[in-house]
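Colleague: Just passing along the structure, written as structure tokens.
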Amino acid sequence: MPSALDRLAQASAPAPLADAARLSHFLERIPDPRGLRGRRYLLSALLAAAAASVLAGARSLVAITEWITDAPHWACRALGFPLDPLTGTVCVPHPHTLRRLLVQLDGDALDTAIGAFLTTRATPAGTGLRAIAVDGKALRGSRTATSTYVTLLAAMDHTGTALAQRQVADKSNEIPAFAPLLDSVDLTDAVITADALHTQHAHGAYLRARGAHYIAQVKANHPGLFDRVRRLPWPDIVLDHYERTRAHHRHEIRRLKTAAFAHIDYLDAAQALQVVRWRKDFTSGKLTVERVYLITSLPPGAATGAQLAAWIKGHWKIENLLHHVRDRTFREDDSKIHVGQLPRVMAGLRNLAIGVHRQNGHTNIAAALRHTARDYRRPLTALGLTG
């Protein structure tokens, strides 16, 4: 029978959010790795509690279990934990219960659920093209004496929302994980940016078959292609975009040129791009000049020079808005978690927290975590678990 506190909370709570905006709606699709006997807690309740705690700043498995243990009665009920029929109190899981679950959890299924949830919450981007960056990150703290560190490949839109994540197989590299990573993402009218490692003919064919365009960097790992693009008559080609910025203790100039080129040996490549970056450090006075060459399937006129320059520069937002935040704010590389699926699962929960806070308008994730930690209602509301 509900307690007086439960009835008061139910009476004062706003109408529940639509199912599509509730995290539990997506978590229910994840396969439960536990045996049929002894399932005292719903899988969705355990994962929702872990997600809410990370949203409130929990950095480790110990911090997650402490947050759940300290949660008030009404918050535990909102998360989905059951009432004890004899005492009327809410039952919360023992720390070992949560650990055993997360060690076995299907990381791909969790990341798919997180990506679908964040996509549902996202503000529609309109009718234009949207940019998605693909890049990998090694979890340095997951390395052991007998195994190398876990490497994760992620896809993030240029606004800072992680759309998908996949673990790179041991003794392999990011290339085979590229297509499986993007299988769960709607690529219609998307522009995919990636580093030179992913300038692969198979990747270009995959993206075009999915209805996406690409902007692929060309380096010496494709010597024939690199030589043809580099030897175009760039001095005679008109400048398409010029940008001058002053930030991070340096002065930077970026120049972009585009050239329609019908004979590039790469599927559907329609243009070659040259970016020249001039950087002067205010402290040392050192001047560096860098030339970068790219190819794209976007035909001439499909995007302005300013848009192309923004997408090329914006690719590195996946480092600044996602990987860097996980390292500095969540101290991911300091974590020594290395058992089973735990490194992968914790990274996914951090992606969820960063995505939710950015979608809610926060630019400083550390400040957003502190704000959320001050009230148990805040993470639950953000995840659609309360009104």
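The values are calculated or read from the model by the stated rules, or taken from the named source; none is laboratory data. Everything numeric in this text was worked out from a predicted model, so none of it was measured. Don't worry about glycine lacking a Cβ; one is built from the backbone with ideal geometry, like all the others, and counts go over all protein chains shown. Keep in mind that these areas ignore ligands, DNA and RNA; they rest on the heavy atoms of the full protein, side chains included. Shrake-Rupley method; radii C 1.70, N 1.55, O 1.52, S 1.80 Å.
Colleague: Please determine whether any residue of region 131-149 is under 18 Å from the mean Cα position of the chain (by Cα), open to solvent by 20 Å² or more (accessible area, probe 1.4 Å) and more than 20 Å from Glu332 (Cβ to Cβ).
Modeller: Checked against the condition, which is being under 18 Å from the mean Cα position of the chain (by Cα), open to solvent by 20 Å² or more (accessible area, probe 1.4 Å) and more than 20 Å from Glu332 (Cβ to Cβ), region 131-149 yields no hits at all.
Colleague: With respect to Gly160, is the statement that it is under 14 Å from the mean Cα position of the chain (by Cα) and not in a strand (DSSP E or B) true?
Modeller: yes
Colleague: Applying the selection to region 213-241, what residues are of a type in the set (Gly, Ala, Ser) and without any contact (Cβ under 8 Å) to a residue 60 or more places away in the chain?
Modeller: Correct list: Ala220, Gly224.
Colleague: Now for a separate question. Taking into account only those residues within region 310-361 that are within 27 Å of Glu290 (Cα to Cα) and outside any helix (DSSP H, G or I), which is most open to solvent (accessible area, probe 1.4 Å)?
Modeller: Filtering first and then ranking leaves Trp316.
Colleague: Might you check whether a residue that is in contact with a strand residue (DSSP E or B) (Cβ under 8 Å, 6 or more places away or on another chain), open to solvent by less than 30 Å² (accessible area, probe 1.4 Å) and under 20 Å from Gly348 (Cα atoms) occurs anywhere in region 187-206?
Modeller: Within region 187-206 (the criterion being in contact with a strand residue (DSSP E or B) (Cβ under 8 Å, 6 or more places away or on another chain), open to solvent by less than 30 Å² (accessible area, probe 1.4 Å) and under 20 Å from Gly348 (Cα atoms)), the answer is no, since none of the residues qualifies.
Colleague: Here is a follow-up. Touching a residue at least 60 places away in the same chain (Cβ under 8 Å), β-branched (Val, Ile, Thr) and surrounded by fewer than 17 Cβ atoms within 10 Å (Cβ to Cβ): does that describe Val292?
Modeller: It is true that Val292 is touching a residue at least 60 places away in the same chain (Cβ under 8 Å), β-branched (Val, Ile, Thr) and surrounded by fewer than 17 Cβ atoms within 10 Å (Cβ to Cβ).
Colleague: In region 27-77, how many residues are part of a loop (DSSP other than H, G, I, E, B) and under 12 Å from Val92 (Cα atoms)?
Modeller: The qualifying residues number 5.
Colleague: Shifting gears a bit: Which residues, taken from region 150-164, are open to solvent by 10 Å² or more (accessible area, probe 1.4 Å) and farther than 19 Å from Gly314 by Cα?
Modeller: Listed by number, the residues that qualify are Val150, Thr151.
Colleague: Oh, and also: Restricting to region 255-270, give me the number of residues that are part of a strand (DSSP E or B) and surrounded by fewer than 16 Cβ atoms within 10 Å (Cβ to Cβ).
Modeller: Within region 255-270, residues that are part of a strand (DSSP E or B) and surrounded by fewer than 16 Cβ atoms within 10 Å (Cβ to Cβ) number 1.
Residues checked against (1) modelled with pLDDT of 85 or more; (2) touching a Lys or Arg at 6+ places or on another chain (Cβ under 8 Å):
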position: Thr127; (1), (2): no, no
position: Ala133; (1), (2): yes, yes
position: Gly136; (1), (2): yes, no
position: Ser147; (1), (2): no, no
position: Ala155; (1), (2): yes, no
position: Thr161; (1), (2): yes, yes
position: Pro176; (1), (2): yes, no
position: Ala179; (1), (2): yes, no
position: Ser184; (1), (2): yes, no
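Colleague: Can you tell me how many residues in region 270-293 are under 24 Å from Arg231 (Cα atoms) and basic (Lys, Arg)?
Modeller: Result for region 270-293: 3.
Colleague: Let me ask another. Surrounded by fewer than 22 Cβ atoms within 10 Å (Cβ to Cβ) and hydroxyl-bearing (Ser, Thr, Tyr): is that true of Thr123 in this structure?
Modeller: yes
Colleague: For region 231-266, give me the residue count where each residue is under 33 Å from the mean Cα position of the chain (by Cα) and within 19 Å of Trp278 (Cα to Cα).
Modeller: 19
Colleague: Identify all residues within region 105-120 that are within 12 Å of the chain's Cα centre (by Cα) and open to solvent by 20 Å² or more (accessible area, probe 1.4 Å); write none if there are none.
Modeller: Thr112, Ala116, Thr119, listed by residue number.
Colleague: Then there's this: Just for region 242-254: of the residues that are outside any loop (DSSP other than H, G, I, E, B) and either out of contact with any Lys or Arg (no Cβ under 7 Å at 6 or more places or on another chain) or free of Cβ contacts under 8 Å to residues at least 12 places away in the same chain (or both), which one is most open to solvent (accessible area, probe 1.4 Å)?
Modeller: Result: Arg246.
Colleague: Scanning region 271-280 for residues that are crowded, with 19+ Cβ neighbours inside 10 Å and aliphatic (A, V, I, L, M), which turns out farthest from Leu207 (Cα to Cα)?
Modeller: Val275
Colleague: Also, quick follow-up: Output yes when any residue across region 102-116 is outside any strand (DSSP E or B), among the small types (Gly, Ala, Ser) and farther than 29 Å from His371 by Cα, and no when none is.
Modeller: Scanning region 102-116, I find at least one residue that is outside any strand (DSSP E or B), among the small types (Gly, Ala, Ser) and farther than 29 Å from His371 by Cα, so the answer is yes.
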